[in-house]
Structure formats: C-alpha cells, structure tokens
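As structure tokens, the structure follows; a few thoughts come after it.
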Amino acid sequence: MASEEVSQAFRDDLRSYLEAQCPAPLRKGADPSAATEADRQAWLDAYAARGYTTPTWPKEYGGGGLSKAETRVLAEEVAQVAAYAPVVSFFGTSMLGPVLLEFGNEDQKKEHLPKITSGEINWCQGYSEPGSGSDLASLQTRAVLEGDHWVINGSKIWTTGANHADWMFCLTRTDFEAPKHDGISFILFDLRQPGVTISPIQLISGASEFCQVFFEDVRAEKRNLVGPLNGGWTIAKRLLQHERQMLSGPVDGAPRRARAKQAAPTDPRSALAESARAHLGDADGQLGDAALRDRIAQWELDSMCFGLTLRRSGEEARSGQGAGAATSMFKLYASEMNKRRAEILMSVRGSDGLGWEGEAFSPSDIMETRGWLRSKGNSIEGGTSEVQLNVIAKRVLGLPD
Ligand SMILES: Cc1cc2nc3c(=O)[nH]c(=O)nc-3n(C[C@H](O)[C@H](O)[C@H](O)COP(=O)(O)OP(=O)(O)OC[C@H]3O[C@@H](n4cnc5c(N)ncnc54)[C@H](O)[C@@H]3O)c2cc1C
C-alpha cells in the first residue's frame with residue numbers, strides 16, 4: 001500500500017491543513033454552485049501555498065517537495081475533504097516546468113517555477129508556425145540579439161490559450177546558416193508587450209481555444225534563453241515528450257488538455273455505460289442492442305488495459321527509465337481511445353448527439369456534440385498520429401529511415 005511508506009503524522013497534518021483551508025461551499029458533498037470566485041481563489045491559494053499544485057517539485061522552487069507516495073496520500077486526503085483539488089495551467093506544470101527543472105539555470109528556476117505553482121503566470125506554447133507543424137524544425141520565427149535583448153519577428157499558429165496567457169515559451173531561429181535542427185533556441189518572453197498581436201481562431205467545435213500570434217520586434221531579455229544558444233531542439237523534443245505524456249493520461253472523454261480543470265473526476269467506464277443505459281436501457285437499465293453492448297464492453301476492457309500499461313510505465317519511470325520516445329505510443333493510443341469513446345457516445349445519443357444550439361437540446365447534449373468534434377483534434381495536437389507512428393518506428397522499434 002502506498003500509504004505504508006508515509007507516516008501517520010504526515011497524513012494528520014495534511015488532513016488538518018486541508019480541513020482548515022477548504023472553503024465550506026467547496027467541501028466534499030457541498031453544493032459547488034454556491035461557491036464564489038473568491039472561494040475558488042482562496043482554495044487555490046491555500047493549496048498552492050504549500051506547493052501542492054506541483055507536489056513533487058522541490059520546495060525551493062515553490063513545489064511541495066513530496067515523494068510519489070506522499071503525493072498519493074495528498075490525493076487521497078484531498079478527496080476526503082474537498083470537492084476537487086485545485087489545479088493551475090498544465091502548460092506550466094506539465095510542460096515548461098519539467099524542462100526548466102532539467103535545463104534551466106538556477107535564476108530561471110527561482111524566477112519562473114514558483115509563479116507556475118501559484119498560477120500567477122499562465123504560459124502558452126509557441127511551437128507551430130503557418131509553414132511548420134510536423135516538420136517543426138523548419139520554423140522561421142527569428143530572434144536576433146541586440147544588446148541585452150532578443151528581438152523576435154515572425155508568427156506562431158494554433159497557440160492554445162494565447163489569448164489568456166501572460167508568457168510564451170517559444171522556439172526561435174537564432175542561426176540562419178546552420179542545419180535546421182542546429183539553429184533553434186528556446187526563449188521565454190512576456191506576451192503582454194507592444195509588437196504582439198493575438199488573433200483567436202475558431203475551432204470546428206465552436207470554441208476558440210487557440211490563436212495565431214504575430215511578433216513584430218518583440219523583446220525578450222537575454223537571460224531568458226533556456227539552455228545553450230542554438231541548443232533549443234533538444235529542449236523542444238523533451239518538452240514534447242512531457243506534453244505527450246500528459247495527453248496520454250486516463251482517457252475520460254473530456255478534452256484532455258482541459259481535464260485538469262475538471263472538478264471531480266468520474267469513472268469514465270461507468271460514465272459511458274451509464275449514458276447508454278439512460279438513453280437506450282429498458283426498465284431494468286439493460287441494453288438490448290448487442291452490438292452496442294459489445295462496443296462499450298470492448299472500449300472498457302481496452303481502457304482498463306491501457307490504464308494498467310500506463311501504470312506499469314509509470315513504475316518503470318520511477319525506477320530510473322524516464323519517459324522517452326515511448327510516450328508517442330501512449331499519446332497515439334490515448335487519442336484513438338478518446339475518439340472511439342466520443343463516437344460510441346454519439347451512437348448512444350442518436351439525434352440528441354446532433355445538438356448544437358437552441359432549447360430543443362439540453363446543455364449536456366450540446367456539450368457532448370462539441371466534445372465529439374473536439375476529439376478530432378486529439379490526433380493532431382502534440383504532434384499528429386502519423387508523426388507518432390514515425391517516432392515509434394524510428395526511436396522505439398529502431399527501424400531504418
Ligand atoms: C487542438 C490543438 C491544439 C494545439 N495547440 C498548439 C499549441 O498550443 N502550440 C503549438 O505550437 N501548436 C499547437 N497545435 C498545433 C499542432 O502541434 C500541429 O497542428 C501539428 O503538429 C500538425 O502540424 P500541421 O497542422 O502544420 O500539419 P502538417 O504538418 O501540415 O500535416 C498535415 C498532414 O500531413 C501529415 N504528415 C506531415 N508530415 C508527415 C510525415 N513525415 N509522415 C507522415 N505524415 C505526415 C500529418 O500527419 C497530417 O495528417 C495544436 C493543434 C491542435 C489540433
């Protein structure tokens with residue numbers, strides 16, 4: 001048992017802190033609709049004050065300094081006390097933070113990591129460009145050093161959340177003669193400055209979660225270069241592995257980048273079966289459609305197997321084999337599982353699954369339709385499925401180019 005490695009004193013202290021800090025409307029079993037924005041902020045602040053939004057990061061950088069076993073106890077205890085565990089943006093916690101811990105210098109860690117943990121600074125990812133997606137290393141956004149500043153010109157596209165972000169971690173070309181992979185640098189800068197133009201792009205799902213971002217003589221302080229000059233490609237790839245690991249998390253049907261914002265995680269398997277029973281079940285809740293029963297059961301079995309594989313891989317990572325190219329396998333499979341789940345839900349919902357707007361459809365009908373359309377992006381974001389297959393062929397299976 002995980003908790004055996006953790007002292008009772010740790011658990012007691014944790015429980016009393018969480019009980020003292022969690023506002024009443026956000027307690028387990030309370031009506032969360034009564035919670036105010038101030039309640040949610042107070043809960044986040046108290047949680048982040050002990051570094052629990054990034055529980056395993058070192059304390060000196062604002063993290064919780066917890067072991068994996070203590071982190072599991074934190075999850076258990078917070079589930080006993082509160083309706084949800086506060087979260088901050090995954091761009092900081094799951095993408096930039098891990099690479100700053102690995103490649104950042106001491107000043108960069110001290111400056112940026114605590115603001116990620118507290119949620120003070122929201123980050124976005126400046127990787128893709130209008131002409132550079134799968135062939136990311138062909139990117140053309142330029143950064144030229146002028147005195148103490150990088151001066152940046154160019155454009156990024158499909159930048160999720162740029163319109164809500166404060167800072168960007170950005171891949172820029174800093175050597176224009178070198179082979180394409182050897183002329184890229186990883187630079188951080190404040191998005192809220194003159195010269196930055198952010199244009200939201202509407203998705204097929206109707207939302208505008210990503211943007212095109214234009215840079216005209218945008219400035220980044222020289223000290224905000226992470227890692228060596230022209231050594232950004234190594235950092236870029238490492239960050240993609242962290243991103244793919246995040247995107248491969250439990251398949252629950254929610255847009256996976258948004259999953260962290262979910263208040264209370266539900267069991268995805270029973271949620272799928274429940275939806276089928278509610279729509280198509282007989283008086284006893286039994287599903288008469290054998291083909292649909294089979295699809296749901298197969299999805300549930302695959303989901304269970306995938307969960308166990310992820311757990312095994314997590315154990316291997318703990319014993320020193322860090323996540324590497326294998327994250328491409330998990331990202332690929334999680335994308336397919338999520339899309340398959342959305343398709344099954346559409347089959348279950350029948351014509352309700354076509355709800356787009358208007359009073360004829362319930363909010364959940366509309367949400368499911370949009371979720372189904374959003375799931376199409378799963379096999380594109382974080383690198384397309386074809387690109388994952390290429391990585392698996394080359395880096396996992398060792399097949400020739
Ligand atoms: C929901 C969502 C969120 C995103 N968020 C961000 C973000 O925050 N920041 C960011 O920088 N980017 C983001 N992206 C962009 C994403 O990383 C790119 O869309 C993706 O890398 C593909 O690039 P592309 O769109 O230019 O397609 P292309 O690279 O032009 O690919 C077009 C098609 O060709 C195929 N293809 C290309 N090269 C090969 C090859 N060598 N072998 C086989 N097939 C190939 C692709 O698989 C694809 O089917 C996001 C995308 C989505 C959908």
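The values are calculated or read from the model by the stated rules, or taken from the named source; none is laboratory data. A quick note: this is a predicted structure, and the numbers were derived from the prediction, not measured. Quick reminder, even Gly has a Cβ in these numbers, built from the backbone with ideal geometry, and neighbours come from all protein chains shown.
Points to keep in mind about this one:
- Flag for Ala393 being surrounded by 14 or more Cβ atoms within 10 Å (Cβ to Cβ) and away from the ligand (no atom under 14 Å from the Cβ): no
- Residue within the stretch 296-315 that is within 16 Å of the ligand (Cβ to nearest atom) and buried (at least 18 other Cβ atoms within 10 Å of the Cβ) present: no
- Filter result for the condition that a residue is among the polar types (S, T, N, Q), within 13 Å of the ligand (Cβ to nearest atom) and assigned to a loop (DSSP other than H, G, I, E, B), over Ser155, Ser208: Ser208
- From the list Glu106, Glu76, the lone residue that is under 17 Å from Thr56 (Cα atoms) and either under 21 Å from the mean Cα position of the chain (by Cα) or of a type outside the set (Phe, Trp, Tyr) (or both) is Glu76.
- Criterion (away from the ligand (no atom under 16 Å from the Cβ) and assigned to a helix (DSSP H, G or I)) met by exactly one of Ser375, Ser351: Ser351
- Of the residues making up the stretch 30-37, one or more are among the small types (Gly, Ala, Ser), touching a residue at least 40 places away in the same chain (Cβ under 8 Å) and surrounded by fewer than 19 Cβ atoms within 10 Å (Cβ to Cβ).
- Entirely in the stretch 61-146, the helices (runs of 4 or more DSSP H) that have 1 or more residues that are polar (S, T, N, Q): 68-81, 106-118
- First in the stretch 159-183 and assigned to a strand (DSSP E or B), second anywhere and at pLDDT below 95 and within 13 Å of the ligand (Cβ to nearest atom), Cβ under 7 Å, 6 or more apart: Thr159/Phe210; Thr160/Glu209; Thr160/Phe210; Thr160/Arg257
- The single residue among Ile121, Ile184, Ile198 that is in contact with a strand residue (DSSP E or B) (Cβ under 7 Å, 6 or more places away or on another chain) and buried (at least 23 other Cβ atoms within 10 Å of the Cβ) turns out to be Ile184.
- Of residues in the stretch 354-372 being among the polar types (S, T, N, Q) and surrounded by fewer than 20 Cβ atoms within 10 Å (Cβ to Cβ), the one farthest from the ligand (Cβ to nearest atom): Ser362
- Exactly one residue out of Ser128, Ser134, Ser138 is surrounded by fewer than 18 Cβ atoms within 10 Å (Cβ to Cβ) and within 9 Å of the ligand (Cβ to nearest atom): that is Ser134.
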